[in-house]
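Below is one structure, written out as structure tokens; comments come after it.
The values are calculated or read from the model by the stated rules, or taken from the named source; none is laboratory data. Keep in mind that what you see is a predicted model, and the values were worked out from it rather than measured. So basically every Cβ, Gly included, is an ideal-geometry build from the backbone, and we count neighbours across all protein chains shown. These area figures cover heavy atoms from the full protein model, side chains too; ligands, DNA and RNA do not enter into them. Shrake-Rupley method; radii C 1.70, N 1.55, O 1.52, S 1.80 Å.
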Amino acid sequence: HVVCNNAGVFAAGPSWQAPLSDYEWVFGVNVFGVVHGIRTFVPILLDQNVESHVVNTASMAALTSMPLTAAYTASKHAVLALSETLYHELRGRGAPIGVSALCPEAVATGIAHSERVRPPHLARKSGEAEGPEFTLVEQGIRSVIAQGAPPAKIAARVVRAVREDLFYVLPDADDPWLAACDARLEDVRARRNPTFAVPGAAR
């Protein structure tokens, strides 16, 4: 009755220098993991025709944009758009199936060590993804994730979203990620150029 499409890997670097294998790997897991989950389980839920729920894990990266994280950020934007589309489709059918897009802040998971599950055929080749920007972000993500929210906190948030049929599952109201999200939304509303609005830097 509850399907959680929860998959995520991370690769860093400038968008024009990141190898295509980074994009293929990150999109293959982060986006197509959700696609396969939807294609597999939504037909089952529709056939059951009882109250049920789909939770797709996106990220606050789906609602913001940061430099040096192109593959990851783009993949999470795709998950959010896919989830919104699924929501409208199921509502349009009158199906008793809720949808939630989980957009957490940094969480203490193993994503900073994603390379351990990278398939050999998508490994970076010698000389690819080298340079200070790659190193800076990869070290930074390990530090941020190590201090991230406990997974149990995010799990409790998901349970509430399922019970209350909430689509956007966001951090607590005082979390700095929300200020960064608000800055981006205001940029769009005001038709202005993007604000550099990462947590702690949003105006």
State which stretch of the chain is the longest one without any exposed GluC sites (Glu not before Pro), exposure meaning a DSSP loop state and at most 16 other Cβ atoms within 10 Å.
52-127
Distance in nm between residue 128 and residue 50 label points, each 7 Å along Cα→Cβ, equals 4.7 nm
First compute the accessible area of the chain with a 1.4 Å probe, then give the percent of it belonging to carbon and sulfur atoms.
57 percent
Rounded, prolate or oblate: which one fits the stretch 141-203, using the alpha carbon gyration tensor with axes a ≥ b ≥ c (rounded when a/c is under 1.5, else prolate when a/b beats b/c, else oblate)?
oblate
Given a 1.4 Å probe, the accessible area of the stretch 40-169 per residue, as a whole number of Å², is 52 Å²
In debye, nearest 20: dipole of the stretch 19-150 around its Cα centre with unit charges on the Cβ of K, R (+) and D, E (-)?
160 debye
Taking the Cβ-Cβ separation of residue 190 and residue 167 as r and a Förster radius of 30 Å, what is the calculated FRET efficiency to the nearest 0.05?
0.75
Under the span-like rule (Cα at least 30 Å along the axis, Kyte-Doolittle mean at least -1.0), DSSP H helices of the chain:
70-93
Charge context of residue 13, other residues only, Cβ under 11 angstrom, K/R +1, D/E -1
-4
Give, as ranges by residue number, the residues of the stretch 50-89 whose backbone N falls under 19 Å from the point 7 Å along Cα→Cβ of residue 136.
65-73
Using amide H atoms built in the peptide plane, which far-off residues or other-chain residues are under 5 Å from residue 13 H to H?
69, 70
Pulled fully out, how much extra length does the chain show between residue 115 and residue 198, if you take 0.36 nm times their separation in residues and subtract their Cα-Cα distance?
27.4 nm
With a ≥ b ≥ c the root eigenvalues of the C-alpha gyration tensor of the stretch 38-138, is it rounded (a/c under 1.5), prolate (a/b larger than b/c) or oblate?
prolate
With 0.36 nm assigned to each residue of separation and the Cα-Cα distance removed, residue 155 to residue 17 gains 46.1 nm
Among 150, 119, 104, which one shows the biggest mean-square fluctuation in a GNM of the chain, springs joining Cα atoms closer than 10 Å?
119
